[in-house]
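First the structure, in the form of structure tokens, and then the observations on it.
The values are calculated or read from the model by the stated rules, or taken from the named source; none is laboratory data. Worth saying up front: this structure is predicted, and the values here are computed from it rather than measured. Cβ sites come from the backbone with ideal geometry, for glycine too, and all protein chains shown count toward neighbours. The accessibility values were calculated without ligands, DNA or RNA, using every heavy atom of the protein model including side chains. Shrake-Rupley method; radii C 1.70, N 1.55, O 1.52, S 1.80 Å.
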Amino acid sequence: MTENKVEWSIDDAERTYGVSSWGGGYFSIGENGNVKVSPDPKNPNVRIDFKSVIDEISQEGIQFPVVVRFHDILRSQVIGINEAFNQVIADAGYQGQYNGVYPIKVNQMREVVEEIVDAGAPYNYGLEAGSKSELLAVLALNTNLDSLTILNGYKDEEFIRLSLLGRKLGRKVVVVIEKYSELLMLVKVSKELNIEPIIGLRSKMTALGRGKWQGSSGDRAKFGLTVPEIINSARFLEQEGMAHTLKLLHFHIGSQLPDIRAIKDAVNEGARIYSELHKMGFALEYVDVGGGLGIDYDGSKSTNDSSRNYSLAEYVADVVYGMKEVCDLEGVPHPNLVTESGRAITAHHSCVITEIVGEIKADGARLDTTEVENEHVLLKNMRELYLSLDGARNLQEIYNDASEWKEQAVSAFKLRVISLEELGKIETIYWQILRWVQVQYRDVEFVPEGLQHLDFSLSSQYLCNFSIFQSAADTWAIDQLLPVVPLTGMDKAPDINCSLVDITCDSDGKIDQFIVDRNLQNIMPIRQLEKNEKAHLGLFLTGAYQDVMGDMHNLFGRLNEVHIFSFDDDPEDFYIEEVVKGSSVENVLSIMQYHPSAMAMDVKRQIDKQVANGQIPPREGVKWTDFYENCLEGYTYLKTS
Ligand SMILES: *Cc1c(COP(=O)(O)O)cnc(C)c1O
């Protein structure tokens, strides 16, 4: 029987893991202790249990780790931002319209982009591309002539010709000039082809974004035009008889803006530039405020890098009212408003389900430490310390003594003074002492500084079947915080702490940042797993960037994916609409220039040789050959069932 002594409720679980704080209204902990997803906030009755999702995935024979996409969440986010703008525009008596676009670099998966285009169709929601490949995708995917197609990023002549092909197709393709030379090229090619472009100018802003992407604005920003360049661009177009093609002002001060003040600043600055250009005779129709709308990854609603101190409604109000105020003062028309939110549209819609496949414990193995004859004094001392433990002694002192003797023991071992067996016994007792010290202060308020790392040293590392480099690239690259929680069993009190490690051979392949009880910690509480118990963890908010930026470190490839829709009539039911198979070993090897079929032949030849030599019986040879080929066709992650 596993009865917990500690009082524990779902409220405690919620406080510990903060699921509702970062869940964006989509994720919560159910009464049964399992994470639930409500993909449509307007329909809160629909609550799908992650346990059923896990069961369904297993029944379908799909191997973990798995990316789960909730298409309903994507739709809901697209509808949410459009409705929010339309509402505030109506309330404010704003004269322009909202013409948002989704920047596909944030998640280019075809199914994701198609769902966004479909959900955004009633609002003429468009797409943004930042490279030639993305432009090719965007030209094919969104055929709505009333939506915008915005092109950012550095461009060559081919890119510009493609944009003009879009114009020929009747599409509102806006070429945003990042660099003055692009304008010269665009004017030349469009005159040559006699196709009228729609031109946007990207402004290098002085308003500084904060957080991890603040390099996107300021004098050293990589993209955009300075004030003199903007003025020269407009005048150049005028000289060329093309002033009327200049229709959009663009800026983007960085992704994941934690502080609403930066957004207000940028909108104000952008509105001033727009107004002045208007008064100079350039009647621009759109102001594009870029991306930057943040996600509250840590649930703190603060200006932490992984959070944001504003809601969607506040963001929208600041953009609309900020623009209106300046335009009214300047007496210029209200421009149509464009945003390029990517992170905010996609982050919530996907998560990664991984299985815990093992535990790495500092004190996992113990030796028999019963006293024997002729023991070394270091071992004797350590044992005496252990046998004399009592709460009256200073814990720090006990810890210091134990640590010092352990260090001495390691030196003594290297100097051939004690044996391997003696060192093993000393380590065994050492960890017993540390465990004892940890228990002494379990319930005290104040833990002396010198002992604060004990919980970390004594915590387990749970080995999870996935690769950080494939599924959570930003965790590794820029210390991005992503919520990780157990998907089931949160109705029982956690009894140990752990950090997480992945299955790559890289020591960087670990997660040791968690939000626990609203604080950033390097370990998270979890229930001690029974032997052979299977537990699944969810890595959440992976839909923006993480889904598509991963690499194949150690040749772990793309994950199996399931796409999930909910049923309206049965609030607990859902169906897997599509399964996208992850990379096979063959796939990843081919990318690295291997020839899997030739490899299979090579290995078969070696097996045949051993058969001929009598080292392998013929029947077994066939089996080994098949086995090798099956592994080539298999999934790159650990096979756990
Ligand atoms: C990356 C990028 C975006 C998307 O930003 P989010 O913060 O993800 O919304 C928008 N516009 C431009 C120009 C970008 O480079």
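Worth a mention:
- Tally of residues being under 19 Å from residue 582 (Cβ atoms) and within 16 Å of the ligand (Cβ to nearest atom) across the stretch 522-563: 7
- Qualifying positions in the stretch 383-401 - at pLDDT 95 or above and within 46 Å of the chain's Cα centre (by Cα): 386
- Residue match in the stretch 311-322 (condition: part of a helix (DSSP H, G or I), touching a Leu at 6+ places or on another chain (Cβ under 9 Å), farther than 19 Å from residue 152 by Cα and away from the ligand (no atom under 16 Å from the Cβ)): yes
- In the stretch 147-162, residue nearest to the ligand (Cβ to nearest atom) [restricted to those that are farther than 11 Å from residue 132 by Cβ and surrounded by 24 or more Cβ atoms within 10 Å (Cβ to Cβ)]: 152
- Among (1) surrounded by fewer than 16 Cβ atoms within 10 Å (Cβ to Cβ); (2) at pLDDT below 95, the one test that residue 170 misses: (2)
- For the stretch 392-421, a residue qualifies if it is open to solvent by less than 60 Å² (accessible area, probe 1.4 Å), among the β-branched types (Val, Ile, Thr) and outside any helix (DSSP H, G or I), and exactly one does: 418.
- Matching residues in the stretch 196-218 - criterion: being of a type in the set (Val, Ile, Thr) and open to solvent by less than 50 Å² (accessible area, probe 1.4 Å): 198, 199
- Taken together, 633, 533, 620, 577 contain a single residue that is open to solvent by 70 Å² or more (accessible area, probe 1.4 Å) and either on the phi > 0 side of the Ramachandran plot or modelled with pLDDT under 95 (or both), which is 577.
- Of everything in the stretch 346-382 that is of a type in the set (D, E, K, R) and within 48 Å of the chain's Cα centre (by Cα), the residue that is surrounded by the most Cβ atoms within 10 Å (Cβ to Cβ) is 355.
- Those residues of the stretch 219-252 which are surrounded by 16 or more Cβ atoms within 10 Å (Cβ to Cβ) and within 16 Å of the ligand (Cβ to nearest atom), in sequence order: 221, 223, 224, 225, 248, 249, 250, 251, 252
- Residue in the stretch 583-600 that is open to solvent by 60 Å² or more (accessible area, probe 1.4 Å), in a helix (DSSP H, G or I), in contact with a Cys (Cβ under 9 Å, 6 or more places away or on another chain) and not aromatic (Phe, Trp, Tyr) present: no
- Unique residue being part of a helix (DSSP H, G or I) and within 16 Å of the ligand (Cβ to nearest atom) when the list is 262, 207: 262
- Within the stretch 230-264, the set of residues being of a type in the set (A, V, I, L, M) and more than 40 Å from the chain's Cα centre (by Cα) comprises 237, 242, 243.
- Count - residues of the stretch 313-338 that are within 21 Å of residue 255 (Cβ to Cβ) and either open to solvent by 50 Å² or more (accessible area, probe 1.4 Å) or free of Cβ contacts under 8 Å to residues at least 40 places away in the same chain (or both): 2
- Selection from the stretch 536-552 of residues that are assigned to a loop (DSSP other than H, G, I, E, B) and open to solvent by 10 Å² or more (accessible area, probe 1.4 Å): 545, 550, 551, 552
- Within the stretch 451-467, the presence of at least one residue that is free of Cβ contacts under 8 Å to residues at least 24 places away in the same chain, farther than 18 Å from residue 539 by Cα and out of contact with any Leu (no Cβ under 8 Å at 6 or more places or on another chain) is confirmed.
- Residues in the stretch 123-133 that are in a loop (DSSP other than H, G, I, E, B) and more than 13 Å from the ligand (Cβ to nearest atom) were compared, and the one that is least open to solvent (accessible area, probe 1.4 Å) is 125.
- Residues of the stretch 265-296 satisfying the condition of being within 16 Å of the ligand (Cβ to nearest atom), more than 23 Å from the chain's Cα centre (by Cα) and of a type outside the set (Asp, Glu): 266, 267, 270, 286, 287, 289
One line per residue, one yes/no per condition, for (1) within 30 Å of residue 298 (Cβ to Cβ); (2) touching a helix residue (DSSP H, G or I) at 6+ places or on another chain (Cβ under 8 Å):
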position: 545; (1), (2): yes, yes
position: 553; (1), (2): yes, yes
position: 556; (1), (2): yes, yes
position: 559; (1), (2): yes, yes
position: 567; (1), (2): no, no
position: 570; (1), (2): no, no
position: 590; (1), (2): no, yes
position: 595; (1), (2): no, no
position: 639; (1), (2): no, no
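- Test: residue in the stretch 299-310 that is at pLDDT below 95, of a type in the set (Ser, Thr, Tyr), crowded, with 22+ Cβ neighbours inside 10 Å and within 16 Å of the ligand (Cβ to nearest atom): yes
- Any hit, the stretch 134-144, residues being farther than 29 Å from residue 81 by Cβ and within 15 Å of the ligand (Cβ to nearest atom): no
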